[in-house]
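Below is one structure, written out as structure tokens; the observations come after it.
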Amino acid sequence: MFDRILVISVFFVASCGLAYELIAGALSSYLLGDSVLQFSTVIGCYLFAMGVGAHLSRYVHDRDVLARFVDVELAIGLIGGVSAALLFLAFAWLAAPFRALLYVIVFLIGALVGYVAYIWLLHHVSVTAASTYAFVNPVVAVALGAIVLGEAVTPLTLVAAALIVGAVVLLLVGQSRKSQPAIALEVPVREVA
């Protein structure tokens, strides 16, 4: 039962992280223009931050995992929840540091989501499977951008998404083949009388 609650919790944290990432991308696109540049840099910053968060997760001791997990979930909710309002205020009153604040917020959310997701993944799946989330995240972000925000998806984007998904499938299939025991050919040994 505890594992199911944890899985649902990680799912919601990751979903909120993606939503906050899309909000930051949309907000910067609306306020600064050039949606391709804004979404690309926000997604790039978010993915980099997830990698940093995953790296930082190695410093958590097993006995502290649940406490850190709850702390990080609360921080993601707090930072993400006020991010849009904070960014609007920063743009209205202090136009110069808007980009810096945008990337600091995206970095913090990405690092916290990466931290939580990687801790959970490392305790439940292999390292190869755990590392694939960083590849799939841009595909999910593009899909959500198209569905939620009506962003245009070009044929090149679809090809890139197919290549990413194909690479992840190859990684996971290759890993599952390695984990299966090799078939040994046994030659019956006749007893010499």
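The values are calculated or read from the model by the stated rules, or taken from the named source; none is laboratory data. Every value quoted in this text rests on a predicted model; they were computed, and no experiment measured them. Every residue, glycine as well, gets a Cβ built from its backbone with ideal geometry; the counts of neighbours run over all protein chains shown.
Hey, among SER15, SER57, SER9, SER35, which residue is under 12 Å from ALA117 (Cα atoms), in contact with an Asp or Glu (Cβ under 8 Å, 6 or more places away or on another chain) and of a type in the set (Gly, Ala, Ser)? Break it down stepwise before answering.
Working: SER15 fails: in contact with an Asp or Glu (Cβ under 8 Å, 6 or more places away or on another chain); SER57 fails: in contact with an Asp or Glu (Cβ under 8 Å, 6 or more places away or on another chain); SER35 fails: under 12 Å from ALA117 (Cα atoms).
Testing whether each residue is under 12 Å from ALA117 (Cα atoms), in contact with an Asp or Glu (Cβ under 8 Å, 6 or more places away or on another chain) and of a type in the set (Gly, Ala, Ser) leaves just SER9.
Yes/no per residue for (1) modelled with pLDDT under 85; (2) over 21 Å from PHE69 (Cβ atoms); (3) more than 15 Å from the chain's Cα centre (by Cα); (4) of a type in the set (D, E, K, R):
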{"site": "THR128", "(1), (2), (3), (4)": "yes, yes, no, no"}
{"site": "GLY150", "(1), (2), (3), (4)": "yes, yes, yes, no"}
{"site": "LEU156", "(1), (2), (3), (4)": "no, yes, yes, no"}
{"site": "GLY166", "(1), (2), (3), (4)": "no, yes, yes, no"}
